[in-house]
Amino acid sequence: MKTLMSGESWGKVVYFDVTEKWGDPYRMAEDVVLLLDDLRGYLGYPIYVHCGLDSGGHVKASQHWIIETSAAGHSTKSLPPWSDAIDWSIPGLVLIQYINAVEARLSRLKLSGKVGLGIYPDWYGGGGVHLDTRGTEARWGALNKVVGKYPDGKPRVKQVYVTWAEAFAVMSRSSQ
């Protein structure tokens, strides 16, 4: 298990505090909170935290709700769930305005191959980012797509996972 946030580690954080939407600020992995704090300083804009530790609304095996398991794959039940993932955005900016800078910073920190990064152009008015410190590289996107119609004729929209390239292309086109 990773080192989780403590009072001492929260003392190292410059731009965030325990009142953000972490779920439980002391069940967050220290590395992901400190990385987001570094990104906040690098980007120069306030970051809004949408979600940290969360038991619902995410894919199975989400980094937002990690349960320690034994070698046989059974829950140990000795440790409460924890998270090394954060969903966030920058209010007033659209995702295309900062995602390249995020990637550049991760590269400079030599973390590109160690983090999960998801781009969600349709989130929160200007798009949002999922960041996790899973230890391996993962990249993806998600878009809102019409998947049918309701009986009243209104479109039924669902978030659909796509490749990073597809989400980036849609995001780039919509910003022109």
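The values are calculated or read from the model by the stated rules, or taken from the named source; none is laboratory data. None of the values given here were measured: they were computed from a predicted structure. FYI the Cβ positions are ideal-geometry reconstructions off the backbone, even for glycines, and counts take in every protein chain you see.
Do we have any residue at all in the stretch 154-170 that's without any contact (Cβ under 8 Å) to a residue 12 or more places away in the chain and either touching a Leu at 6+ places or on another chain (Cβ under 7 Å) or under 24 Å from Leu36 (Cβ atoms) (or both)? No - not one qualifying residue is present in the stretch 154-170. Only a single item in (1) at pLDDT 95 or above; (2) assigned to a loop (DSSP other than H, G, I, E, B) is not met by Arg105, and it is number (2).
Condition (residue is hydrophobic (A, V, I, L, M, F, W, C), touching a His at 6+ places or on another chain (Cβ under 8 Å) and touching a residue at least 40 places away in the same chain (Cβ under 8 Å)) applied to the stretch 88-110: is it met by at least one residue? So far as the stretch 88-110 goes, yes, one or more of its residues are hydrophobic (A, V, I, L, M, F, W, C), touching a His at 6+ places or on another chain (Cβ under 8 Å) and touching a residue at least 40 places away in the same chain (Cβ under 8 Å). Look at the stretch 52-73: where a residue is within 22 Å of Lys158 (Cβ to Cβ) and a partner is among the polar types (S, T, N, Q) and modelled with pLDDT of 70 or more, sitting 6+ places away or on another chain with Cβ atoms under 7 Å, you get Gln63/Ser83; His64/Ser83; Trp65/Ser55; Trp65/Ser83. For the stretch 7-41, taking the residues that are among the hydrophobic types (A, V, I, L, M, F, W, C) and touching a helix residue (DSSP H, G or I) at 6+ places or on another chain (Cβ under 7 Å), the one that is farthest from Asp54 (Cα to Cα) is identified as Val14.
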